[in-house]
């Protein structure tokens, strides 16, 4: 009978691999909380019921996960199976440290159709280097009791940013109404979402960028909106979020709207004094496109047990694995039949789980970039937005021009490296 072995890695060590002589024992690395570790153990036990001759060592990396896995790749002691965030997926696949799993993906897709966004997360020029296990987009968590107290009804056509600005004074005690049911109307989503919804894009192509396209009137309008909402007292100021938390402000009833993925559900289920649900992301002048995440299971290219590792990632990323992980309240199934199935929709809260499934359809969500260096692109955007918020004297057009220069320099560096 196989076994699950936990190995907590809080100080990097190269002495954590299973014995090379055991051909049916693999190592699987993850990040996450204690709750997440328990959930992963459940998946491993289910796998070993089906493959009793295979043992899995669960390697839990408590902090700085990407850096430690990177060091293990360099030291040739990496786990057989690696959980990969979308921010690192392209960097590692281009470097050639991830096994090509294109055939495995198509085997699963023949069994049951993947939704479009999970496919977008992993497919690059027809090749796939990891199997998606979670790839849904952000939605709107909202405090139903606060809206009732303020006598506010959600429009039939859905939320818009204009609507939120209109109703904000009735929900924001910090805006001037001491009787408002919440301190602020919302925690703002990432600036990238606002840019997209106002019609601005950072690059001409998200897979193979050749030029920066951010310096447009749409980008200026998007940043002006962010500045206006942040300065008005309607949205949580960055310094308040840094001091008092983000999701905690929603959980404690201090904001009416919070934007994030289903992975935040365990923080709210049974922990709020009010009723809440989810809605699609508010729409801007152009769209209501949202940002998706991406968690992938990859096989280390130099693993001496690649075929055994592939069995495990196929099991985890399969419809059966989807049905196991969706009960953890964090993941949304990546297969159409499971994501729109009654079993998933019955997993309350929230009531309206379909919202999360719909974020994986074509045109519903995207990422900053599907190429190496995406994390740095995000940091460059965030830095310029923070400049705009901390320096109201600087014209918005100047901030956007500075972002254009930052991205141009980044693009040239990546071209010099030969990875774009």
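The values are calculated or read from the model by the stated rules, or taken from the named source; none is laboratory data. Worth saying up front: this structure is predicted, and the values here are computed from it rather than measured. Every residue, glycine as well, gets a Cβ built from its backbone with ideal geometry; the counts of neighbours run over all protein chains shown.
The residues of region 401-420 that are part of a loop (DSSP other than H, G, I, E, B), farther than 14 Å from residue 203 by Cβ and in contact with a helix residue (DSSP H, G or I) (Cβ under 7 Å, 6 or more places away or on another chain) amount to a single one, 419. Check whether at least one residue in region 121-137 is more than 22 Å from residue 310 (Cβ to Cβ) and buried (at least 20 other Cβ atoms within 10 Å of the Cβ), and report yes or no. Scanning region 121-137 turns up at least one residue that is more than 22 Å from residue 310 (Cβ to Cβ) and buried (at least 20 other Cβ atoms within 10 Å of the Cβ). Quick one: would you say residue 120 is assigned by TED's automatic domain parsing to the domain that holds residue 234 and in a helix (DSSP H, G or I)? So residue 120 does not fit the description; no.
Restricting to region 58-95, name every residue that is in a strand (DSSP E or B) and within 19 Å of residue 376 (Cα to Cα). Those that are in a strand (DSSP E or B) and within 19 Å of residue 376 (Cα to Cα): 84, 85.
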